[in-house]
Amino acid sequence: GMSDAESRALQLLSHEVLPSKRAHEIAFLDLALRRGEMTKEDVGRALELAGLPASEKLIESTIDTFTLDGFAEADTTRYGAPLAERLGEDGVRLSSNFRDSYANSPHFAAAVDDIIQTGGELVDREYREGDPFAPGRQYSRKEVARLLCWPRKWQSTLYGYKTAMGDCPIFVTLHKADDVGASTRYDDQLIDVSSMVWSTRSRRTLRSAEIQPIINNEASLYVFVKKDDAEGTDFYFLGRANAYDPFETSMPNDRGDPLSVVHMILRFEKPIPAALFDYFHPTVTIDSMATTGVGARV
């Protein structure tokens, strides 16, 4: 059998490394099991040898996965102990417990090797092109935080949109629940395969500090969409976008008081795949319109 610490270590690898949607964690683990102590430079070299982008922040974010730096408290509690520790400014190594288990427990070692192999197969070419997200793939808020190299605990603040470190993920739910208050009922919608209408939170104006980097295109915008809350917690990535034509309006809240809001057009850098557009934007075909004699859109 396995010890409690070993089963928690496997839980961490299964939840944080296996579905990481990038190959960095796999490359790090593979290196760390062979090497003992490493410098960040060693880690960077291993990532480059694996054909992966290896910026300073990607190296740090990869190490964070194993040291649990920046994780939410619920996760650090669930996983018990980190699998790696930092040594001074520049070093890192796997924890002695993890290394001992890997060396002395054949069941544990086989499970870890399986995660390395399966993880390597799951991370296909799509994630290696330098862009962290693949259009049409689904991502949770936690995965978005990881892939932008943000602290994992920020997942709880990623409602709507957030700008940090030059990046701004935007999360859009196209069909709001009917019980959502009037002040949050915006008409975010796809216009065509290259653009969509998007609205900020209420009580924002063109002068709001949080809106400036978006409308001035000083942050990279990543657009994530789901149809409705019934679809679960994952969002489809549509693509990177730039903001155009921002304008301010006011909309009434539940008490009828006007609240300011900023609307804009988001234009995708590449057209979104047609199948994805059709999924989010069902329309009546010309044939059925001809036979019914009405031009009503569904």
Computed lengthening from Ser3 to Arg78, 0.36 nm per intervening residue step minus Cα-Cα distance: 25.5 nm
The stretch 1-70: GluC sites (Glu not before Pro) in DSSP coil with no more than 12 other Cβ atoms inside 10 Å: Glu37
Three-way shape label, the stretch 146-256, alpha-carbon gyration tensor, a/c 1.5: rounded
Cβ-Cβ FRET estimate between Arg34 and Ala164, R0 fixed at 25 Å, reported to 0.05: 0.15
Correct option for log10 I(q)/I(0) by the Debye sum over Cα atoms at q = 0.09, 0.12, 0.13, 0.15 Å⁻¹ [calculated from the coordinates] among (i) -0.66, -1.07, -1.19, -1.39; (ii) -0.55, -0.86, -0.97, -1.16; (iii) -0.42, -0.75, -0.88, -1.15: (ii)
Dipole-positive endmost among Met165, Leu58, Asn242 within the chain (Cβ charges, Cα centre): Asn242
Fraction of accessible area attributable to carbon and sulfur, the stretch 45-87 (%, probe 1.4 Å): 56 percent
Size of electric dipole in the stretch 162-279: Cβ of Lys, Arg +1 and of Asp, Glu -1, about Cα centre, debye, nearest 20: 320 debye
Solvent-accessible area of Ser55 with every protein chain in place, 1.4 Å probe, in Å² to the nearest 10: 50 Å²
Estimated dipole of the chain in Debye, rounded to 20 [Cβ of Lys and Arg +1, of Asp and Glu -1, Cα centre]: 460 debye
Gained length - Val197 relative to Tyr279, 0.36 nm times residue gap less alpha-carbon distance: 27.8 nm
Rounded to whole Hz, the Karplus (6.51, -1.76, 1.60) HN-Hα couplings of the stretch 197-204, x for glycine and proline: 8, 9, 10, 6, 4, 6, 6, 10
Accessible-area order (highest first, 1.4 angstrom probe) of the listed residues Met264, Met2: Met2, Met264
Pairs of lysine residues in the chain - Cα separation under 20 Å, sequence separation of 8 or more or cross-chain: 18
Inter-label distance for Glu89 and Arg137, nm, one decimal - labels placed 7 Å from Cα along Cα-to-Cβ: 3.4 nm
Residue-by-residue Karplus 3J(HN,Hα) for the stretch 158-170, coefficients 6.51, -1.76, 1.60, Hz, glycine and proline x: 8, 9, x, 6, 7, 10, 7, 6, x, 10, 9, x, 10
Shape call, the stretch 4-52: gyration tensor on alpha carbons, a/c limit 1.5: oblate
Helix-only [θ]222 nm of the chain, DSSP H runs n ≥ 4, -39500 (n - 2.57) each, per residue, nearest 500: -9500 deg cm²/dmol
3J(HN,Hα) from dihedral phi, the stretch 209-217, Karplus parametrisation 6.51/-1.76/1.60, rounded to Hz, x for glycine, proline: 4, 6, 8, 3, x, 6, 6, 8, 6
Residues of the stretch 153-267: accessible area per residue with a 1.4 Å probe, Å²: 48 Å²
Gain in span if fully extended, Glu56 to Asn217, counting 0.36 nm per residue against the direct Cα distance: 55.6 nm
DSSP loop trypsin sites (Lys or Arg not before Pro) with at most 16 other Cβ within 10 Å excluded, longest remaining stretch of the chain: 1-136
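The values are calculated or read from the model by the stated rules, or taken from the named source; none is laboratory data. All figures in this text were calculated on a predicted structure; none of them were measured in a lab. Positions of Cβ are generated from backbone atoms using ideal geometry, with glycine treated the same way; all protein chains shown enter the neighbour counts. Remember, those area values only see protein heavy atoms, side chains included, never the ligands or the DNA or RNA. Shrake-Rupley method; radii C 1.70, N 1.55, O 1.52, S 1.80 Å.
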